[in-house]
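Peer 1: Mind having a look at this structure? Questions to follow.
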Amino acid sequence: MRNRSIPVQREASVMHGSAAGELTPPWRSTWQRSAVLRALDDHPDFVSARALHAALAADGTTVGLTTVYRTLRKLEHAGKVDVVRDRTGERLYRPRPDDGHRHYVVCRGCGLSLAVEADPVERWADDVAVATGFAEVEHTVELTGICDRCRPAPDRDASQP
């Protein structure tokens, strides 16, 4: 399968998930699900279910859109993917690194996403759970901005007399 760049990222919120691990299916494997896993692995950035479906179709792989959505949901519930939402609310997926859950800052212009250090956020969420007696506490963190490539250069002529 060819690697395609699909510019689908936008303003995002990260959903806290569970354990890390390689992208192995937490269910009975089928060729369709395996194709979805390979397509997801071929995308280094966050990607939508529709974009994965389109990439599969472009490569001549016939997998239903419902199968793509179900596969991604199962991966999410198993803690195998990180998930962000774009500004329209669409879920975007990326394989979770072996070292676990991440938070990202996402460019609102081009969709570039970079993992950021978030240990204080994780500790705070754990402290809130302990202090309130809640179990299975989840959190959402939104970090968006404009990257250097998308930020307009200052108008140099404006400072000239």
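The values are calculated or read from the model by the stated rules, or taken from the named source; none is laboratory data. As the structure is a prediction and not an experimental result, all values here were calculated from the model. Every residue, glycine among them, receives a Cβ derived from its backbone with ideal geometry; neighbour counts consider all protein chains shown. These accessible areas exclude ligands, DNA and RNA; they are computed on the full protein's heavy atoms, side chains included. Shrake-Rupley method; radii C 1.70, N 1.55, O 1.52, S 1.80 Å.
Peer 1: Look through 78, 135, 115 and report the one residue that is within 30 Å of residue 30 (Cα to Cα) and either touching a Phe, Trp or Tyr at 6+ places or on another chain (Cβ under 9 Å) or exposed (fewer than 14 other Cβ atoms within 10 Å of the Cβ) (or both).
Peer 2: 78
Peer 1: So which residues in segment 61-75 are assigned to a loop (DSSP other than H, G, I, E, B) and either within 23 Å of residue 107 (Cα to Cα) or open to solvent by less than 60 Å² (accessible area, probe 1.4 Å) (or both)?
Peer 2: Quick first cut of segment 61-75, residues assigned to a loop (DSSP other than H, G, I, E, B) only: 61-64.
Scanning segment 61-75 gives 61, 63, 64.
Peer 1: For residue 120, state whether it is assigned to a loop (DSSP other than H, G, I, E, B), surrounded by fewer than 16 Cβ atoms within 10 Å (Cβ to Cβ) and out of contact with any helix residue (DSSP H, G or I) (no Cβ under 9 Å at 6 or more places or on another chain). Walk me through it before giving the result.
Peer 2: Values: assigned to a loop (DSSP other than H, G, I, E, B): no; surrounded by fewer than 16 Cβ atoms within 10 Å (Cβ to Cβ): yes; out of contact with any helix residue (DSSP H, G or I) (no Cβ under 9 Å at 6 or more places or on another chain): yes.
Answer is no for this residue.
Peer 1: For segment 39-53, how many residues meet the condition of being surrounded by fewer than 17 Cβ atoms within 10 Å (Cβ to Cβ) and part of a helix (DSSP H, G or I)?
Peer 2: Looking only at that region, the number is 2.
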